[in-house]
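Down below is the structure, laid out as structure tokens.
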Amino acid sequence: MTELFTQYWWLIFPIFFMVMGALRLALRNSYEQKKLDLMKAYLDRGQPVPEALRRDNRF
Amino acid sequence: MNFEQLFRDYWWLIFPVGGMLMGVFGMISHHYHRTETLRILKSYADQGKEPPAFLLDALKSDEDRALDLDYDRGYRKHRRRHNSWGGVVVFAALAVGLGYMGQQAGSSPVFTALGMAFGVAAVALFVLKLISAVFGPRRRYDEDKRRDRVDD
């Protein structure tokens, strides 16, 4: 086990960044979903959507 | 190889891994903050009330913060706003410290190599800062008051 670690410890970095990319996608998806919900709530009431929501709130 | 030997060889991994964990934590708490703001806005919208301006502002400044932290590399130009000389100082200090360690008798050549690497990084950073200080955009007089920046 330690033998394996000494040979492949650098794999920590690429694997971590892949996991982080997936997590970022998931969080972004959930945020955009909620933002769309909120926009829909405004539109359902016939109110204008606030400017701050129209912008692309990037990560 | 026992655990102590493993720790002796790889103790420095604590720092990159710790930094990565902090990055993940920051991302999650950033997400939580934004989502909570949306939730509060939603409750205002459901009641048909006008949301307070600062809540909408929170979303906007969040976006700015995201740009400033360079979550998306396409927005690199936004970093210029926060150009400070701190990075140069830190890199130069690391170069001096590691170089000194490398000069000690019986020390590992890794220290010298790291010192040289940090030295090169410090010099390169210094030159870049100098260029952006001379040719870069000037600070606007009302920059602190502008919260809604989309144009520049």
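Quick rundown of the values:
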{"quantity": "Separation of the B:V134 and B:S43 label points, Cα + 7 Å toward Cβ, nm", "calculated": "5.6"}
{"quantity": "Over chain A: helical MRE at 222 nm, DSSP H runs n ≥ 4 each giving -39500 (n - 2.57), nearest 500", "calculated": "-24500 deg cm²/dmol"}
{"quantity": "Under 19 Å from the A:D44 label point (7 Å along Cα→beta-carbon), backbone N, region B:38-57", "calculated": "B:38-51"}
{"quantity": "Solvent-accessible area buried by B and A, counting both chains, probe 1.4 angstrom, square angstrom", "calculated": "3200"}
{"quantity": "Region B:83-137, accessible surface, carbon-and-sulfur percent (1.4 angstrom probe)", "calculated": "81"}
{"quantity": "Average beta-carbon neighbours from other chains, 10 Å sphere, peptide A:47-53", "calculated": "5"}
{"quantity": "Rounded to the nearest 10 Å², the accessible area of B:T35 at probe 1.4 Å", "calculated": "20"}
{"quantity": "Partner chain coverage, peptide B:120-129 - average Cβ within 10 angstrom", "calculated": "0"}
{"quantity": "Largest-first principal axis extents of the Cα set of region B:83-137 (Å)", "calculated": "49, 14, 10"}
{"quantity": "Degrees separating the helix A:12-44 axis from the principal Cα axis of chain A, which is the longest one", "calculated": "10"}
{"quantity": "Gain upon complete extension [A:F5, A:D37; 0.36 nm per residue less C-alpha separation]", "calculated": "6.9 nm"}
{"quantity": "Relative packing of A:7-15, B:123-131, which averages over residues the other C-beta atoms within 10 Å, highest first", "calculated": "B:123-131, A:7-15"}
{"quantity": "Debye, to nearest 20: dipole size of chain A, +1 on Lys, Arg Cβ, -1 on Asp, Glu Cβ", "calculated": "300"}
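The values are calculated or read from the model by the stated rules, or taken from the named source; none is laboratory data. Predicted model only: the values in this text are computed from it and were never measured. Positions of Cβ are backbone-derived with ideal geometry, glycine not excepted, and every protein chain shown enters the neighbour counts. Protein only, heavy atoms only, side chains kept; ligands, DNA and RNA dropped before computing areas. Shrake-Rupley method; radii C 1.70, N 1.55, O 1.52, S 1.80 Å.
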